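Right, one structure below, let's go through it.
Computed from the coordinates by the stated procedures, all read-outs in this text should not be read as laboratory data. Because the structure is a prediction, the values reported are computed rather than measured. Here Cβ is always computed from backbone atoms with ideal geometry, including for glycine, and neighbour counts include all displayed protein chains.
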Amino acid sequence: MSLNYAPILFTKEELVSLVQGRWLQNEPKGLLIKGIFISPEQYSPQKIFIAAGGFSVQKRQDYVVKILNKGVVTAIIDKEVQGLPCWSSVLLVDNTEKALESLAEHARRKTAAQIIAVTGSVGKTSIKETLAKILAAQGSAFSSFGSINGGVGLKNQLAILPKNIDFGVFEIGMLGPNSIKPRAEYISPKVALISSLAPAHIKYHDGMDSIVKSKADIAYGVENKGSVVIPRDSVFFDKLYAYCRTVSHNIKIITFGEHESSDCKLIAFTKCELGGVIKANILGEELEYRISLEGRFWVLNSIAILACVKLVGADVTLASEMFEYMQPESRRGERFRVELKKGKVLELIDDTFNANPASMCAAIQLLSDRVKPKHGRKILIIGDMEELGADEIKYHCELKKIIEESSIDCIFTVGNKMQSLFSVLEHKEAYYVKNSELMAEELYKFVKHGDLILVKGSNKTAMNKVINKFFTKTKKDYIAPIKWSLKREMEGVLR
């Protein structure tokens, strides 16, 4: 989520001083900076454009001119560019990435916000967004945009953190070893959450030990006397705890999970068709609350989120009550009601943003646990999982067990790697389709009234095309209400 107001981040004088720049043309008389962006997805004419980024396109002359011609008032560049609009204000610096870094350091130093940083192998963005929404009910809250979680993009997000705000929530991503530590150090959170550990991005690592160590590196950035929250139920807990303990400064390690010794513990969970009721103890405070988000993983995610809420001094009881009204983030378990023709409907679950073995198993279990409508089918459509390294075929074939033990009726496997899983499935109705475009056509012909369909795959496989095939209007027109399900509609119970 983003702020619902636009505070002044920097004056013109502060900007020039921090980036050590000079006006190349049109020094503005009274410039008040309310936003900064480096990528087109965050474009706004009211924000300053900085030609910096992990990809060289941002610094290209044609790109800079194109952005300015959209009406951007001011740009910061580190190379003189030909063809600049005559009306634009342009500030020249030695290095745009260092300039952005200076702005980020200034923003972090000046802010009064309590900062939370989230990392993990599964569900970082969903946890970050949910946490920010919950905190926004108790004060002013800011969260980093979308899934921006590393490199120059994350510094851009830090640079726009307001000074007078209560909470800031950032997501920190990982590729190779040592990629998290520097990001955590410049964000410098009061609380860091490691939500999960799984072989995501393992192609960049020697093995799981390297991933565990890299995730634990977030503890290096935690403020003195701050806290790092870690999963007690993880099979890698002992290693994770030991790595976090190597941090030299004074931090607390807080655990969450079902394990008896967890500091934030799941006491009981009563499952309903959509979500359920949770009993938990959060650092000594006992709670009972309802959650509408589906999947066992969300039960434990909610406890981790409440641990963070408690550690920044917010009201945990009020926070817990909000889980009943939360909906999944875009392409991360979103549910859609689709009308094939009058009176003939189906339910789509869109989990196409990304996939690794842990999140794939969680999605399969979610579909298996759902009660299907009378005469309908549970249909699973899964695309390739990327960045799994040399053992990628093994990881795909290992899905066989959970699929064959599930209550799912029909499976479509999509992509070259998923073909290996298709070849070993024995006890389910299964099909193989080469790519997402063909899958979209095949599924559209295959489905019928009452079907419950879950689609998942790594972002690179474009499995969202399968979902989009069913939309003739805007996507938001099909989003299912919080307590709607296909089964309930077919039984005449809409809530």
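Dividing the Cα radius of gyration of segment 334-490 by 2.2 N^0.38 Å, with N the residue count, gives 0.98.
Distance between the pseudo-spin-label points of residue 70 and residue 472 (7 Å out from Cα toward the beta carbon): 3.3 nm. Overall, the ratio between the Cα radius of gyration of segment 10-95 and 2.2 N^0.38 Å, rounded to two decimals, is 0.97. DSSP bridge analysis restricted to the chain gives an antiparallel fraction near 35%, rounded to the nearest 5.
What angle do you read, to the nearest 10 degrees and between 0 and 90, between the alpha-carbon axis of helix 436-446 and the longest principal axis of the chain? In the chain, helix 436-446 runs at an angle near 40 degrees to the longest axis.
Counted by neighbouring Cβ atoms within 10 Å, the residues 337, 232, 245 run from fewest to most as 245, 337, 232. Give me the distance between the Cα centres of segment 413-442 and segment 92-126, rounded to whole Å. After rounding, the separation between the Cα centres reads 41 Å.
When each of 484, 298, 23 is scored by the number of other beta-carbon atoms lying within 10 Å, the sequence from fewest to most is 23, 484, 298.
For segment 239-306, the alpha carbon convex hull comes to 93 Å³ per residue, rounded to a whole number. Rounded to the nearest 10 degrees, the inclination of helix 124-136 to the longest alpha-carbon principal axis of the chain is 70 degrees. Using R0 = 41 Å, the C-beta based FRET efficiency linking residue 423 and residue 325 works out to 0.40.
In terms of the mean number of neighbouring beta-carbon atoms within 10 Å, the peptides 426-434, 84-92 order highest first as 84-92, 426-434. Of 259, 375, the sequence from fewest to most neighbouring Cβ atoms within 10 angstrom is 375, 259.
The Cα-based radius of gyration of segment 223-377, divided by its Kirkwood radius, gives an Rg/Rh of 1.04. Highest average first, the peptides 106-119, 265-278 ordered by how many other beta carbon atoms sit within 10 Å of their residues are 106-119, 265-278.
Cα convex hull, segment 111-325: 111 Å³ per residue, rounded to a whole number. Placing +1 on the Cβ of every Lys and Arg and -1 on the Cβ of every Asp and Glu, with nothing else charged, gives segment 111-325 a dipole about its Cα centre of roughly 580 debye.
Figure legend: label point modelled 7 angstrom from the Cα of residue 375 along Cα→Cβ; residues of segment 444-471 with amide N under 12 Å from it are 448-451.
Can you tell me what percent of all Cα-Cα pairs in the chain are more than 34 Å apart?
Cα-Cα pairs in the chain separated by more than 34 Å: 41 percent.
Taking a Cβ cut-off of under 12 Å around residue 105, the surrounding Lys, Arg, Asp and Glu residues balance to a net charge of +3, with basic ones at +1 and acidic ones at -1. With a threshold of 21 Å on the Cα-Cα distance, the over-threshold entries among 128/378; 203/394; 47/155; 434/469; 213/400 are 128/378; 213/400. A crude spin-label estimate for the pair residue 401 and residue 387, with each label 7 Å from Cα along the Cβ direction, gives 2.6 nm. Working note: 222 nm ellipticity from helices only, DSSP H runs with n ≥ 4, each -39,500 (n - 2.57), summed and divided by the residues of the chain, gives -8500 deg cm²/dmol to the nearest 500.
Only beta bridges with both residues in segment 10-95 are counted; by DSSP, about 40 percent of them are antiparallel.
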